[in-house]
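The values are calculated or read from the model by the stated rules, or taken from the named source; none is laboratory data. All values reported here derive from a predicted model rather than from experimental measurement. In this analysis, Cβ positions are derived from the backbone assuming ideal geometry, glycine residues included, and neighbour counts consider all displayed protein chains. Keep in mind that these areas ignore ligands, DNA and RNA; they rest on the heavy atoms of the full protein, side chains included. Shrake-Rupley method; radii C 1.70, N 1.55, O 1.52, S 1.80 Å.
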Amino acid sequence: NFLKITQIEHDLKVWVKELECLYGISKEFEKSAEIDDALEACTKLLEAGFQYPENTIVNIEIGKKKFGRKIPDTENYANILVSKIFLNGKSYGEIKAYLKIGSNFLDEEKLLVDEIAGKISRLIEKEEKIKNHETQQKILKAKNETLLRLTEECYQKREKLRTFFSAIADTIVVIDRQYEIIMSNKNEIGDEGKCYKKVFDRDKPCEQCPAVNSFEFTRDDSVELQHKEKTYRLKSHPILGHDGKAERVLEVCSDITDQKIMEAKLMQSYKLASLGKLVAGVAHEINNPNTFILGNLKIVQESLHDIFPILDEYYLKKKELKIARLDYEVFKENISVLVNDMINGANRTKKIVGDLRNFARKDNGALTDEVDLNDIIRSNLSLTRKHINKSARLEVDLKENLPPFKGSGNKLEQVLLNLTINASEAIEYGEGIIKIKTDYDEQSKEVLLIISDNGCGMDEATLKNIFDPFFTTKRDKGGIGLGLSITYGIIREHNGRIDVNSKIGSGTTFTVRFPVK
(Lines give C-alpha, C1' and ligand atoms only; values in the text may rest on other atoms or scores of the structure.)
Protein backbone atom coordinates (compact mmCIF):
# COMPACT_ATOMS: atom_id res chain seq x y z
CA ASN A 1 0.00 0.00 0.00
CA PHE A 2 2.88 2.33 0.79
CA LEU A 3 4.38 1.84 -2.68
CA LYS A 4 1.05 2.40 -4.27
CA ILE A 5 0.49 5.58 -2.32
CA THR A 6 3.99 6.72 -3.21
CA GLN A 7 3.30 6.09 -6.91
CA ILE A 8 0.05 8.00 -6.75
CA GLU A 9 1.80 10.88 -5.00
CA HIS A 10 4.49 10.87 -7.70
CA ASP A 11 1.89 10.82 -10.49
CA LEU A 12 0.00 13.68 -8.84
CA LYS A 13 3.17 15.76 -8.65
CA VAL A 14 3.85 15.10 -12.34
CA TRP A 15 0.29 16.11 -13.26
CA VAL A 16 0.54 19.21 -11.10
CA LYS A 17 3.80 20.19 -12.77
CA GLU A 18 2.24 19.64 -16.21
CA LEU A 19 -0.83 21.65 -15.24
CA GLU A 20 1.32 24.44 -13.86
CA CYS A 21 3.37 24.37 -17.08
CA LEU A 22 0.27 24.55 -19.27
CA TYR A 23 -1.27 27.26 -17.10
CA GLY A 24 1.94 29.28 -17.07
CA ILE A 25 2.37 29.01 -20.83
CA SER A 26 -1.28 30.02 -21.41
CA LYS A 27 -0.85 33.05 -19.13
CA GLU A 28 2.39 33.96 -20.91
CA PHE A 29 0.69 33.77 -24.29
CA GLU A 30 -2.08 36.05 -23.01
CA LYS A 31 0.10 38.71 -21.39
CA SER A 32 3.02 38.92 -23.86
CA ALA A 33 2.69 41.65 -26.43
CA GLU A 34 5.22 40.04 -28.73
CA ILE A 35 5.10 36.41 -29.73
CA ASP A 36 8.91 36.14 -29.62
CA ASP A 37 8.90 37.05 -25.91
CA ALA A 38 6.17 34.49 -25.28
CA LEU A 39 8.09 31.74 -27.05
CA GLU A 40 11.28 32.54 -25.13
CA ALA A 41 9.38 32.35 -21.80
CA CYS A 42 7.66 29.20 -23.01
CA THR A 43 11.00 27.32 -23.19
CA LYS A 44 11.70 28.05 -19.53
CA LEU A 45 8.21 27.11 -18.39
CA LEU A 46 8.33 23.92 -20.41
CA GLU A 47 11.69 22.94 -18.91
CA ALA A 48 10.19 23.41 -15.44
CA GLY A 49 7.35 21.10 -16.34
CA PHE A 50 9.62 18.13 -16.99
CA GLN A 51 10.49 15.42 -14.42
CA TYR A 52 14.16 16.45 -14.34
CA PRO A 53 14.19 20.19 -15.13
CA GLU A 54 17.85 20.52 -14.15
CA ASN A 55 18.80 17.95 -16.81
CA THR A 56 16.43 19.22 -19.53
CA ILE A 57 16.95 21.92 -22.17
CA VAL A 58 14.04 23.01 -24.42
CA ASN A 59 14.45 24.83 -27.74
CA ILE A 60 11.69 26.18 -30.00
CA GLU A 61 12.55 26.72 -33.65
CA ILE A 62 10.22 28.85 -35.80
CA GLY A 63 11.61 29.38 -39.29
CA LYS A 64 15.09 30.76 -38.84
CA LYS A 65 14.41 31.89 -35.29
CA LYS A 66 15.51 29.78 -32.34
CA PHE A 67 14.38 30.27 -28.74
CA GLY A 68 15.79 28.70 -25.52
CA ARG A 69 19.18 27.91 -23.99
CA LYS A 70 22.14 26.62 -25.89
CA ILE A 71 23.12 23.02 -25.37
CA PRO A 72 26.51 22.99 -23.61
CA ASP A 73 27.42 19.44 -24.54
CA THR A 74 25.45 17.66 -27.23
CA GLU A 75 27.00 14.29 -26.41
CA ASN A 76 25.59 14.37 -22.87
CA TYR A 77 22.13 15.45 -24.15
CA ALA A 78 21.55 12.54 -26.51
CA ASN A 79 17.93 11.92 -25.56
CA ILE A 80 15.78 14.18 -27.80
CA LEU A 81 12.05 14.64 -27.85
CA VAL A 82 10.64 16.41 -30.96
CA SER A 83 7.14 17.73 -31.65
CA LYS A 84 6.24 19.53 -34.90
CA ILE A 85 4.53 22.89 -35.04
CA PHE A 86 2.08 23.15 -37.91
CA LEU A 87 0.51 26.20 -39.58
CA ASN A 88 -2.38 25.70 -41.99
CA GLY A 89 -1.48 22.00 -42.28
CA LYS A 90 2.17 22.63 -43.15
CA SER A 91 5.24 22.23 -40.94
CA TYR A 92 6.17 25.63 -39.62
CA GLY A 93 8.63 24.77 -36.82
CA GLU A 94 9.30 22.37 -33.97
CA ILE A 95 9.87 21.97 -30.22
CA LYS A 96 12.98 20.01 -29.20
CA ALA A 97 13.54 18.80 -25.65
CA TYR A 98 17.06 17.55 -24.81
CA LEU A 99 17.64 15.25 -21.76
CA LYS A 100 20.95 14.16 -20.27
CA ILE A 101 22.00 10.58 -20.71
CA GLY A 102 20.87 8.40 -17.85
CA SER A 103 17.30 9.58 -17.78
CA ASN A 104 14.34 8.96 -20.07
CA PHE A 105 11.31 11.06 -21.10
CA LEU A 106 7.96 10.03 -19.71
CA ASP A 107 5.00 9.37 -21.98
CA GLU A 108 3.19 12.20 -20.20
CA GLU A 109 6.08 14.53 -21.12
CA LYS A 110 5.68 13.59 -24.78
CA LEU A 111 1.99 14.43 -24.54
CA LEU A 112 2.85 17.72 -22.81
CA VAL A 113 5.24 18.77 -25.58
CA ASP A 114 2.62 17.86 -28.23
CA GLU A 115 0.03 19.92 -26.36
CA ILE A 116 2.38 22.90 -26.16
CA ALA A 117 3.23 22.53 -29.88
CA GLY A 118 -0.48 22.65 -30.61
CA LYS A 119 -0.91 25.76 -28.46
CA ILE A 120 1.99 27.44 -30.24
CA SER A 121 0.48 26.46 -33.62
CA ARG A 122 -2.83 28.00 -32.62
CA LEU A 123 -1.08 31.08 -31.23
CA ILE A 124 0.96 31.60 -34.41
CA GLU A 125 -2.12 30.96 -36.57
CA LYS A 126 -4.02 33.52 -34.51
CA GLU A 127 -1.19 36.01 -34.82
CA GLU A 128 -1.01 35.41 -38.57
CA LYS A 129 -4.73 35.96 -38.87
CA ILE A 130 -4.46 39.16 -36.87
CA LYS A 131 -1.57 40.34 -39.01
CA ASN A 132 -3.41 39.37 -42.19
CA HIS A 133 -6.50 41.12 -40.91
CA GLU A 134 -4.52 44.23 -40.07
CA THR A 135 -2.77 44.05 -43.42
CA GLN A 136 -6.10 43.64 -45.17
CA GLN A 137 -7.50 46.53 -43.16
CA LYS A 138 -4.58 48.72 -44.21
CA ILE A 139 -4.98 47.61 -47.83
CA LEU A 140 -8.72 48.21 -47.71
CA LYS A 141 -8.20 51.59 -46.03
CA ALA A 142 -5.66 52.57 -48.68
CA LYS A 143 -7.96 51.32 -51.41
CA ASN A 144 -10.89 53.14 -49.83
CA GLU A 145 -8.89 56.37 -49.65
CA THR A 146 -7.78 55.87 -53.26
CA LEU A 147 -11.36 55.11 -54.26
CA LEU A 148 -12.64 58.22 -52.49
CA ARG A 149 -9.94 60.31 -54.17
CA LEU A 150 -10.67 58.79 -57.57
CA THR A 151 -14.41 59.24 -56.99
CA GLU A 152 -13.88 62.92 -56.22
CA GLU A 153 -11.59 63.32 -59.23
CA CYS A 154 -14.12 61.46 -61.37
CA TYR A 155 -16.89 63.73 -60.08
CA GLN A 156 -14.85 66.85 -60.78
CA LYS A 157 -13.93 65.62 -64.25
CA ARG A 158 -17.51 64.56 -64.91
CA GLU A 159 -18.77 67.99 -63.90
CA LYS A 160 -16.09 69.62 -66.01
CA LEU A 161 -16.96 67.36 -68.94
CA ARG A 162 -20.67 68.05 -68.49
CA THR A 163 -19.93 71.79 -68.45
CA PHE A 164 -17.98 71.49 -71.69
CA PHE A 165 -20.57 69.06 -73.05
CA SER A 166 -23.43 71.47 -72.32
CA ALA A 167 -21.51 74.44 -73.73
CA ILE A 168 -21.24 72.83 -77.18
CA ALA A 169 -23.69 74.52 -79.53
CA ASP A 170 -24.26 71.36 -81.55
CA THR A 171 -26.79 68.81 -80.33
CA ILE A 172 -25.04 65.69 -79.00
CA VAL A 173 -26.85 62.49 -78.01
CA VAL A 174 -25.74 58.97 -77.06
CA ILE A 175 -28.18 56.29 -78.24
CA ASP A 176 -28.54 52.52 -78.04
CA ARG A 177 -29.53 50.11 -80.81
CA GLN A 178 -33.22 50.91 -80.29
CA TYR A 179 -32.53 54.64 -80.89
CA GLU A 180 -33.21 55.32 -77.21
CA ILE A 181 -31.38 58.37 -75.84
CA ILE A 182 -29.03 57.52 -72.96
CA MET A 183 -27.67 61.03 -72.48
CA SER A 184 -27.64 64.38 -74.27
CA ASN A 185 -26.17 67.87 -73.83
CA LYS A 186 -29.49 69.71 -74.22
CA ASN A 187 -32.04 70.09 -71.43
CA GLU A 188 -34.90 70.25 -73.91
CA ILE A 189 -33.93 66.81 -75.23
CA GLY A 190 -33.15 65.13 -71.91
CA ASP A 191 -31.77 61.66 -71.31
CA GLU A 192 -34.62 59.49 -72.55
CA GLY A 193 -36.88 58.98 -75.56
CA LYS A 194 -36.28 58.21 -79.22
CA CYS A 195 -33.59 60.38 -80.80
CA TYR A 196 -35.51 60.99 -84.03
CA LYS A 197 -38.54 62.16 -82.04
CA LYS A 198 -36.66 64.39 -79.59
CA VAL A 199 -34.22 65.93 -82.09
CA PHE A 200 -36.27 66.15 -85.31
CA ASP A 201 -39.84 65.55 -84.09
CA ARG A 202 -40.21 62.56 -86.42
CA ASP A 203 -42.25 59.42 -85.87
CA LYS A 204 -39.68 57.08 -87.43
CA PRO A 205 -35.87 56.98 -87.88
CA CYS A 206 -34.34 59.42 -90.35
CA GLU A 207 -33.64 58.24 -93.89
CA GLN A 208 -29.99 57.21 -94.31
CA CYS A 209 -29.44 57.51 -90.56
CA PRO A 210 -25.65 57.31 -90.05
CA ALA A 211 -26.11 55.43 -86.75
CA VAL A 212 -27.16 52.35 -88.74
CA ASN A 213 -23.73 52.06 -90.35
CA SER A 214 -21.98 52.85 -87.07
CA PHE A 215 -23.82 50.01 -85.33
CA GLU A 216 -23.40 47.55 -88.18
CA PHE A 217 -19.87 48.29 -89.39
CA THR A 218 -18.41 50.01 -86.24
CA ARG A 219 -17.27 53.04 -88.22
CA ASP A 220 -17.85 56.78 -88.27
CA ASP A 221 -20.45 58.05 -90.71
CA SER A 222 -21.96 61.37 -91.76
CA VAL A 223 -24.97 62.59 -93.77
CA GLU A 224 -26.69 65.87 -94.56
CA LEU A 225 -30.46 66.16 -94.23
CA GLN A 226 -33.15 68.81 -94.62
CA HIS A 227 -35.60 69.53 -91.81
CA LYS A 228 -38.01 72.46 -91.63
CA GLU A 229 -36.15 74.42 -94.32
CA LYS A 230 -32.85 74.01 -92.50
CA THR A 231 -29.83 71.90 -93.36
CA TYR A 232 -28.20 69.67 -90.77
CA ARG A 233 -25.06 67.55 -90.77
CA LEU A 234 -25.51 64.39 -88.72
CA LYS A 235 -22.32 62.57 -87.65
CA SER A 236 -22.20 59.24 -85.81
CA HIS A 237 -19.34 57.67 -83.85
CA PRO A 238 -19.56 54.08 -82.50
CA ILE A 239 -18.86 53.35 -78.82
CA LEU A 240 -17.40 49.83 -78.66
CA GLY A 241 -18.00 47.22 -75.96
CA HIS A 242 -15.63 44.52 -74.67
CA ASP A 243 -16.53 42.26 -77.60
CA GLY A 244 -15.49 44.93 -80.11
CA LYS A 245 -19.07 45.55 -81.25
CA ALA A 246 -20.82 48.91 -81.16
CA GLU A 247 -23.01 48.97 -78.06
CA ARG A 248 -23.87 52.65 -78.33
CA VAL A 249 -23.45 55.47 -80.81
CA LEU A 250 -22.62 59.13 -80.20
CA GLU A 251 -24.42 61.39 -82.66
CA VAL A 252 -23.53 65.04 -83.31
CA CYS A 253 -26.18 67.15 -85.04
CA SER A 254 -24.91 70.47 -86.47
CA ASP A 255 -27.02 73.21 -88.05
CA ILE A 256 -25.09 74.05 -91.23
CA THR A 257 -27.75 76.22 -92.86
CA ASP A 258 -25.60 79.36 -92.64
CA GLN A 259 -22.60 77.43 -93.91
CA LYS A 260 -24.60 76.21 -96.89
CA ILE A 261 -25.77 79.76 -97.56
CA MET A 262 -22.20 80.98 -97.47
CA GLU A 263 -21.11 78.15 -99.76
CA ALA A 264 -23.91 78.98 -102.18
CA LYS A 265 -23.05 82.68 -102.05
CA LEU A 266 -19.41 81.83 -102.59
CA MET A 267 -20.37 79.67 -105.55
CA GLN A 268 -22.53 82.49 -106.84
CA SER A 269 -19.58 84.85 -106.40
CA TYR A 270 -17.35 82.44 -108.31
CA LYS A 271 -19.94 82.27 -111.07
CA LEU A 272 -20.31 86.03 -111.18
CA ALA A 273 -16.53 86.46 -111.15
CA SER A 274 -16.21 83.98 -114.02
CA LEU A 275 -19.07 85.68 -115.82
CA GLY A 276 -17.40 89.05 -115.25
CA LYS A 277 -14.15 87.80 -116.78
CA LEU A 278 -16.04 86.31 -119.71
CA VAL A 279 -18.09 89.48 -120.22
CA ALA A 280 -14.99 91.68 -119.99
CA GLY A 281 -13.22 89.52 -122.57
CA VAL A 282 -16.18 89.44 -124.93
CA ALA A 283 -16.72 93.19 -124.54
CA HIS A 284 -13.07 93.81 -125.39
CA GLU A 285 -13.22 91.56 -128.44
CA ILE A 286 -16.41 93.24 -129.69
CA ASN A 287 -15.26 96.76 -128.91
CA ASN A 288 -12.15 96.62 -131.13
CA PRO A 289 -13.86 95.77 -134.46
CA ASN A 290 -16.89 97.90 -133.54
CA THR A 291 -14.63 100.93 -133.06
CA PHE A 292 -13.07 100.21 -136.43
CA ILE A 293 -16.51 99.88 -138.04
CA LEU A 294 -17.84 103.06 -136.40
CA GLY A 295 -14.80 105.06 -137.49
CA ASN A 296 -15.03 103.80 -141.08
CA LEU A 297 -18.77 104.44 -141.25
CA LYS A 298 -18.22 108.09 -140.35
CA ILE A 299 -15.69 108.34 -143.20
CA VAL A 300 -18.21 106.69 -145.54
CA GLN A 301 -20.89 109.12 -144.36
CA GLU A 302 -18.65 112.12 -145.03
CA SER A 303 -17.62 110.64 -148.39
CA LEU A 304 -21.23 110.43 -149.53
CA HIS A 305 -21.65 114.17 -149.03
CA ASP A 306 -18.74 114.76 -151.40
CA ILE A 307 -19.66 112.04 -153.90
CA PHE A 308 -23.36 112.87 -154.40
CA PRO A 309 -22.77 116.21 -156.28
CA ILE A 310 -20.54 114.40 -158.73
CA LEU A 311 -23.06 111.58 -159.16
CA ASP A 312 -25.93 114.07 -159.56
CA GLU A 313 -24.10 115.81 -162.41
CA TYR A 314 -23.36 112.45 -164.04
CA TYR A 315 -26.99 111.34 -163.62
CA LEU A 316 -28.21 114.41 -165.55
CA LYS A 317 -26.25 113.17 -168.51
CA LYS A 318 -27.03 109.46 -168.09
CA LYS A 319 -30.49 108.73 -166.71
CA GLU A 320 -30.01 104.91 -166.81
CA LEU A 321 -27.34 105.14 -164.07
CA LYS A 322 -27.55 102.20 -161.61
CA ILE A 323 -25.54 101.68 -158.42
CA ALA A 324 -25.53 98.30 -156.66
CA ARG A 325 -28.23 97.18 -159.12
CA LEU A 326 -30.48 100.01 -157.93
CA ASP A 327 -31.67 103.03 -159.84
CA TYR A 328 -29.65 106.03 -158.86
CA GLU A 329 -32.58 107.90 -157.30
CA VAL A 330 -33.52 104.85 -155.16
CA PHE A 331 -29.89 104.35 -154.18
CA LYS A 332 -29.46 108.03 -153.26
CA GLU A 333 -32.65 108.05 -151.24
CA ASN A 334 -31.77 104.92 -149.18
CA ILE A 335 -27.98 104.81 -148.87
CA SER A 336 -27.85 107.64 -146.32
CA VAL A 337 -30.55 105.91 -144.27
CA LEU A 338 -28.58 102.65 -144.41
CA VAL A 339 -25.37 104.33 -143.34
CA ASN A 340 -27.15 106.18 -140.51
CA ASP A 341 -28.72 102.90 -139.39
CA MET A 342 -25.30 101.24 -139.36
CA ILE A 343 -23.83 104.13 -137.37
CA ASN A 344 -26.73 103.95 -134.90
CA GLY A 345 -26.27 100.18 -134.63
CA ALA A 346 -22.54 100.55 -134.01
CA ASN A 347 -23.21 103.20 -131.37
CA ARG A 348 -25.78 100.91 -129.78
CA THR A 349 -23.22 98.10 -129.77
CA LYS A 350 -20.74 100.48 -128.19
CA LYS A 351 -23.24 101.32 -125.45
CA ILE A 352 -23.97 97.62 -124.79
CA VAL A 353 -20.24 96.94 -124.57
CA GLY A 354 -19.90 99.84 -122.12
CA ASP A 355 -22.75 98.43 -120.02
CA LEU A 356 -21.12 94.99 -120.09
CA ARG A 357 -17.86 96.51 -118.90
CA ASN A 358 -19.64 98.32 -116.09
CA PHE A 359 -21.33 95.05 -115.12
CA ALA A 360 -18.02 93.20 -115.13
CA ARG A 361 -15.94 95.81 -113.34
CA LYS A 362 -14.32 94.76 -110.07
CA ASP A 363 -16.29 95.55 -106.92
CA ASN A 364 -14.51 95.64 -103.55
CA GLY A 365 -17.81 95.41 -101.68
CA ALA A 366 -17.50 98.86 -100.06
CA LEU A 367 -20.63 101.03 -100.06
CA THR A 368 -18.76 104.12 -101.26
CA ASP A 369 -20.30 104.79 -104.68
CA GLU A 370 -22.52 107.82 -105.26
CA VAL A 371 -25.44 105.79 -106.56
CA ASP A 372 -27.88 107.28 -109.06
CA LEU A 373 -30.62 104.66 -109.16
CA ASN A 374 -31.95 105.95 -112.49
CA ASP A 375 -28.53 105.48 -114.14
CA ILE A 376 -28.32 101.91 -112.83
CA ILE A 377 -31.75 101.13 -114.25
CA ARG A 378 -30.89 102.61 -117.66
CA SER A 379 -27.63 100.66 -117.83
CA ASN A 380 -29.16 97.42 -116.62
CA LEU A 381 -32.12 97.48 -118.98
CA SER A 382 -29.85 97.17 -122.00
CA LEU A 383 -28.87 93.76 -120.61
CA THR A 384 -32.27 92.56 -119.39
CA ARG A 385 -34.70 94.09 -121.88
CA LYS A 386 -34.35 91.25 -124.39
CA HIS A 387 -35.07 88.63 -121.70
CA ILE A 388 -38.06 90.63 -120.42
CA ASN A 389 -39.51 91.21 -123.91
CA LYS A 390 -39.92 87.46 -124.39
CA SER A 391 -42.73 87.39 -121.85
CA ALA A 392 -43.86 90.94 -121.13
CA ARG A 393 -44.01 94.57 -122.15
CA LEU A 394 -41.75 96.85 -120.15
CA GLU A 395 -42.88 100.21 -118.82
CA VAL A 396 -40.34 102.51 -117.16
CA ASP A 397 -41.17 105.58 -115.09
CA LEU A 398 -38.08 107.27 -113.61
CA LYS A 399 -38.51 110.27 -111.37
CA GLU A 400 -36.35 113.21 -112.37
CA ASN A 401 -33.73 114.72 -110.04
CA LEU A 402 -33.63 111.60 -107.90
CA PRO A 403 -31.13 112.23 -105.05
CA PRO A 404 -28.06 109.96 -104.97
CA PHE A 405 -27.13 107.82 -101.97
CA LYS A 406 -24.09 105.89 -100.79
CA GLY A 407 -23.94 102.28 -101.92
CA SER A 408 -22.46 99.72 -104.29
CA GLY A 409 -23.49 100.13 -107.91
CA ASN A 410 -22.57 96.56 -108.80
CA LYS A 411 -24.61 95.08 -105.96
CA LEU A 412 -27.64 97.23 -106.76
CA GLU A 413 -27.41 96.12 -110.40
CA GLN A 414 -27.69 92.58 -109.10
CA VAL A 415 -30.79 93.57 -107.07
CA LEU A 416 -32.41 95.07 -110.15
CA LEU A 417 -31.41 92.08 -112.28
CA ASN A 418 -32.86 89.57 -109.78
CA LEU A 419 -36.14 91.44 -109.32
CA THR A 420 -36.79 92.05 -113.02
CA ILE A 421 -35.97 88.48 -114.04
CA ASN A 422 -38.10 87.19 -111.16
CA ALA A 423 -40.98 89.36 -112.44
CA SER A 424 -40.59 88.14 -116.02
CA GLU A 425 -40.58 84.48 -114.91
CA ALA A 426 -43.85 85.04 -113.01
CA ILE A 427 -45.57 85.82 -116.32
CA GLU A 428 -46.49 82.60 -118.08
CA TYR A 429 -48.23 83.56 -121.33
CA GLY A 430 -46.13 86.34 -122.82
CA GLU A 431 -48.81 89.05 -122.52
CA GLY A 432 -47.72 90.57 -119.25
CA ILE A 433 -46.64 94.00 -118.18
CA ILE A 434 -43.62 94.78 -116.03
CA LYS A 435 -43.36 98.24 -114.56
CA ILE A 436 -40.19 99.76 -113.17
CA LYS A 437 -40.66 102.98 -111.28
CA THR A 438 -38.48 105.21 -109.11
CA ASP A 439 -39.66 107.82 -106.64
CA TYR A 440 -38.55 109.82 -103.64
CA ASP A 441 -40.33 109.96 -100.27
CA GLU A 442 -39.70 113.43 -98.84
CA GLN A 443 -41.06 112.54 -95.41
CA SER A 444 -38.89 109.45 -94.79
CA LYS A 445 -35.96 110.67 -96.94
CA GLU A 446 -35.92 107.44 -98.93
CA VAL A 447 -35.37 106.59 -102.60
CA LEU A 448 -37.98 104.11 -103.82
CA LEU A 449 -37.58 101.36 -106.42
CA ILE A 450 -40.92 99.81 -107.36
CA ILE A 451 -41.05 96.75 -109.64
CA SER A 452 -44.46 95.25 -110.38
CA ASP A 453 -45.86 92.62 -112.70
CA ASN A 454 -49.28 91.22 -113.57
CA GLY A 455 -48.11 87.60 -113.34
CA CYS A 456 -49.42 84.61 -111.42
CA GLY A 457 -48.87 86.11 -107.95
CA MET A 458 -48.11 84.29 -104.70
CA ASP A 459 -50.13 82.83 -101.84
CA GLU A 460 -49.55 83.60 -98.15
CA ALA A 461 -47.41 80.50 -97.54
CA THR A 462 -45.07 81.40 -100.40
CA LEU A 463 -44.87 85.06 -99.32
CA LYS A 464 -43.61 84.00 -95.87
CA ASN A 465 -40.68 82.11 -97.35
CA ILE A 466 -39.57 83.91 -100.52
CA PHE A 467 -36.50 85.44 -98.84
CA ASP A 468 -35.43 82.17 -97.19
CA PRO A 469 -32.28 80.62 -98.67
CA PHE A 470 -32.92 77.64 -100.96
CA PHE A 471 -36.68 78.25 -101.04
CA THR A 472 -37.89 78.24 -104.63
CA THR A 473 -41.03 77.46 -106.62
CA LYS A 474 -38.92 76.92 -109.77
CA ARG A 475 -36.72 74.00 -108.68
CA ASP A 476 -37.86 71.97 -111.72
CA LYS A 477 -36.55 74.82 -113.93
CA GLY A 478 -33.12 74.88 -112.28
CA GLY A 479 -33.84 77.47 -109.58
CA ILE A 480 -31.86 77.13 -106.34
CA GLY A 481 -33.72 79.70 -104.23
CA LEU A 482 -30.88 82.17 -103.69
CA GLY A 483 -31.83 85.13 -105.93
CA LEU A 484 -34.26 86.82 -103.55
CA SER A 485 -32.20 85.77 -100.52
CA ILE A 486 -29.13 87.53 -101.93
CA THR A 487 -31.32 90.48 -102.95
CA TYR A 488 -32.64 90.78 -99.40
CA GLY A 489 -29.09 90.64 -98.01
CA ILE A 490 -27.85 93.40 -100.34
CA ILE A 491 -30.79 95.65 -99.46
CA ARG A 492 -30.20 95.15 -95.74
CA GLU A 493 -26.51 95.86 -96.31
CA HIS A 494 -27.57 99.26 -97.71
CA ASN A 495 -29.73 99.82 -94.57
CA GLY A 496 -32.75 99.52 -96.84
CA ARG A 497 -35.93 97.47 -96.64
CA ILE A 498 -38.12 95.60 -99.08
CA ASP A 499 -41.89 95.11 -98.98
CA VAL A 500 -43.90 92.62 -101.04
CA ASN A 501 -47.55 92.80 -102.02
CA SER A 502 -48.94 89.89 -103.98
CA LYS A 503 -52.16 88.01 -104.67
CA ILE A 504 -52.83 84.88 -106.63
CA GLY A 505 -53.76 85.85 -110.19
CA SER A 506 -53.20 89.58 -109.58
CA GLY A 507 -49.44 89.90 -109.82
CA THR A 508 -46.74 91.04 -107.45
CA THR A 509 -45.20 94.38 -106.43
CA PHE A 510 -41.77 94.73 -104.82
CA THR A 511 -41.10 98.10 -103.13
CA VAL A 512 -37.49 98.72 -102.15
CA ARG A 513 -36.54 101.71 -99.98
CA PHE A 514 -33.01 103.10 -99.69
CA PRO A 515 -32.32 105.80 -97.07
CA VAL A 516 -30.63 108.97 -98.27
CA LYS A 517 -28.16 110.47 -95.78
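Suppose we look only past 18 Å in the calculated P(r) of region 113-232. What percent of the Cα-Cα pairs does that tail hold?
The calculated P(r) of region 113-232 puts 71 percent of pairs beyond 18 Å.
Please list 3J(HN,Hα) in residue order for region 36-41, calculated via the Karplus relation 6.51 cos²θ - 1.76 cosθ + 1.60 where θ = phi - 60°; whole Hz, with x for glycine and proline.
Each residue's phi maps through the Karplus curve to give 4, 5, 5, 5, 5, 5 Hz.
Short version: what are the Cα gyration tensor semi-axes of region 43-99, square root of 5 times each eigenvalue, largest first, in whole Å?
They are 21, 12, 10 Å, listed from largest to smallest.
Please state the equivalent ellipsoid semi-axes for the chain: what are the square roots of 5 times the Cα gyration tensor eigenvalues, largest first, in whole Å?
Ellipsoid half-lengths, sorted descending, are 122, 26, 20 Å.
To the nearest 20 debye, what is the magnitude of the charge dipole of the chain about its Cα centre, counting +1 on the Cβ of each Lys and Arg and -1 on the Cβ of each Asp and Glu?
1280 debye
Report, in degrees rounded to the nearest 10, the 0 to 90 angle that the Cα long axis of helix 328-360 makes with the longest principal axis of the chain.
The helix 328-360 is inclined about 20 degrees to the chain.
Order the peptides 399-410, 219-230 from the highest to the lowest mean number of other Cβ atoms within 10 Å of their residues.
Ranking, from highest mean packing down: 399-410, 219-230.
Roughly how far apart, in whole Å, are the Cα centres of region 433-465 and region 104-137?
110 Å
Can you put Leu394, Leu161 in order of accessible area, largest first, using a 1.4 Å probe?
The most accessible residue leads, giving Leu161, Leu394.
Quick check: the angle from helix 107-167's long axis to the longest principal axis of the chain, C-alpha only, nearest 10 degrees?
That helix lies at roughly 10 degrees to the long axis.
Which aspartates and glutamates does Lys194 reach when only Cα atoms under 17 Å apart count, and residues fewer than 8 places away in its own chain are ignored?
Within the straight-line cut-off, Lys194 pairs with Asp176, Glu180, Asp203, Glu207, Glu247, Glu251.
Per-residue HN-Hα couplings for region 89-99, Karplus 6.51 cos²θ - 1.76 cosθ + 1.60 at θ = phi - 60°, whole Hz, x for Gly and Pro?
Listing the rounded values in order: x, 10, 5, 10, x, 7, 10, 10, 10, 9, 10 Hz.
Rule-of-thumb check for region 388-441: C-alpha Rg over 2.2 N^0.38 Å?
1.31
Enter the angle in degrees (range 0 to 90, nearest 10) between the Cα long axis of helix 257-317 and the first principal axis of the Cα atoms of the chain, meaning the one along which they spread out most.
Helix 257-317 and the main axis of the chain meet at about 20 degrees.
Using the Karplus equation 6.51 cos²θ - 1.76 cosθ + 1.60 (θ = phi - 60°), what ³J(HN,Hα) coupling, rounded to whole Hz, does each residue of region 319-327 give in order, writing x for Gly and Pro?
Result, rounded to whole Hz: 5, 7, 4, 10, 10, 6, 6, 10, 4.
Amide H of Tyr92 versus every other amide H placed in the peptide plane: which residues, excluding those fewer than 5 positions away on the same chain, fall under 5 Å?
Ile85, Phe86, Leu87
Within region 18-85, how many Lys pairs that are eight or more residues apart, or on different chains, come under 15 Å at the alpha-carbon?
6
Which one of Leu234, Cys209, Gly190 is farthest out on the positive end of the charge dipole of region 109-260, using unit charges on Cβ (Lys, Arg +1; Asp, Glu -1) and the Cα centre as origin?
Of the listed residues, the answer is Gly190.
So if R0 is 45 Å, what FRET efficiency would Asp499 and Tyr155 give, r being the distance between their Cβ atoms, rounded to the nearest 0.05?
0.20
Please list, in chain and number order, the residues 5+ apart from Met183 or on another chain whose amide H is under 5 Å from its amide H, with Hs placed from the backbone.
Under 5 Å from the amide H of Met183: Val174.
Of the listed peptides 130-141, 339-350, what is their order by residue-averaged count of other C-beta atoms within 10 Å, with the highest listed first?
Taking the mean over residues of other Cβ atoms within 10 Å, the ranking is 339-350, 130-141.
Where does region 182-271 land on Rg/Rh, using Cα atoms and the Kirkwood Rh?
1.06
Just tell me which lysines come within less than 18 Å, Cα to Cα, of Lys141; anything on the same chain fewer than 8 places away is out.
Lys129, Lys131
Given a 1.4 Å probe and the protein chains all in place, what does the accessible area of Glu28 round to, in Å² to the nearest 10?
Surface accessible to solvent at Glu28 totals approximately 30 Å².
Work through the residues other than Asp37 whose Cβ is under 11 Å from its Cβ and net out their charges, Lys, Arg +1 and Asp, Glu -1.
After counting each charged neighbour, the total is -3.
Under the 0.36 nm per residue contour assumption, what length would be gained going from the current alpha-carbon distance of Leu311 and Thr74 to full extension?
68.4 nm
Considering the options Ala283, Ala78, Ile491, tell which one lies farthest towards the positive end of the dipole of the chain, charges being +1 on Lys and Arg and -1 on Asp and Glu at the Cβ, about the Cα centre.
The Cα lying farthest towards the positive end belongs to Ala283.
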